[in-house]
Every structure is written in C-alpha cells, then in structure tokens.
C-alpha cells in the first residue's frame, strides 16, 4: 500500500481520537456537574487485578484516574506516531500506532458511569462495555501484526488487515460473557469466564513478545523487545490501576515503551 494511503488511514484514526476526546469531555462535565466522578464507584467491587477482587471497596478514584492518564498518554503518543510515520515506511510503527490508538477506547468506561448515574437503559451500558473490549482486542491484534512486520512480512494491503482485525475483535467482544448484575468500580461488568479470557489474551501477548524476540535476532531490533514489554505491562497496570504505586509504574512503563519505540524506529527507518 502506498505511503499516502497509510497516512490517510492514520488521519482517519486521528479524527476518531478527536471524537473520543469530545465524548470524554462531555461525560466528565456531565458527571462532575452532578457529583465527583469517584463517587460513582462507591461500595462497588474493585477489580484489583486478574482474579483479584475487593468487595465493598470504599470510594476510590484510582480507576477513573487510570482512564484519564491512559487517555492523555495515548492521545499525545498517537499524534506523535502520526507525525513520525509521515517520514517513514515502517509497517511496525503503523501497527504500533494502532495499538496506541486502541487505548483511547478505555474512555467508554466513563460512559458506564454515566448510564449508572442517570439510570439509562442497560443495553447502552452493555454497548459501552463491549466497545471497551473491542478496543482491547483490537490493540493486541495490532501489536501482534506489528511483530509480524518486524519479521519482514511482505503483505501490504493494510485495509484488508485492519478489516480482519476489526472483524475478529468485534466477534470476540460480542462473545465476552458478563455477570450483568455485578458492576465493578472500573465501570465494567464482572466477567463470566475470566479464566478463558485471561488465557486467550495471555497467549496473544506471549506470541507477540516471542515474535519480536525472533525478529531481534534476525534484524537489529533488540530495543523493540523491552519497548513492547513496557507497552504491554504498562497497559495492563493502567487497565486495573489498583493503587497509586501501580498507577505511577504503569504510566512510566507505557511512556518508556513509547519513547523506546520512537528512538528505534527513527534510527532504523527515518528518511529525513
């Protein structure tokens, strides 16, 4: 695919990111006009990490602050990736940029707080939550394809690959089972099959990291191994944000992964 077409894709994703920003700001204004945002999670179960819950948790703003921090980091980083990509032909960068874009879908968790507060139809809440999971699947598949391009995959029809990623992510998001009567403090319903989802996502992350490891031995891309690990671990910590320490650590890892990726991509691919 021509570089101009790739840039057009990134431009379209950037417009989507701006739309998410508007949605995010509207939700924050609506919620804070009624009551502080962290009050929405009062006495709800806190999902501290995979399989770890805190019942009757006191009101906390760590989940909501994690959403805000992740959004700010991902929006700024995606804009940076978009600018950088105009001067490269890096397919790895393109799909890593889509991974960064996928983090913006976490703002739809705030939509769940809005539905809860204004007692809107539960179907709208389910829509927001499945949209969040769509973004999570989309991001992991994007970084997986980035690892394949690190192995010098030649396929250049990005429109078909993005369509496949979106379709598979949609199917998986629709298939995720919830316990609709248990809304967690992070704005999501409690998972019905948490173990199955954990295994699926862990396998995809493991294959991605292993593929980057193989690529590092074939090409001079060793720096991308810690970069991708930082991105995935930082994302995971910010998705749960169980406390201030993990919030700070997750933010630093996510930013560190983005910086390392930028450094390596510029060193290998930068034209100007």
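FYI, it's all coordinate maths here, none of it is from the lab. Since this is a predicted model, take the numbers as computed values, not measurements. Cβ atoms come from the backbone with ideal geometry, glycine included; neighbour counts cover every protein chain shown.
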Please compute the length gained on full extension between residue 179 and residue 218, using 0.36 nm multiplied by the number of residues separating them and subtracting their Cα-Cα distance.
9.5 nm
Under a crude label model (7 Å from the Cα following the beta-carbon direction), how far is residue 245 from residue 124 in nanometres?
4.0 nm
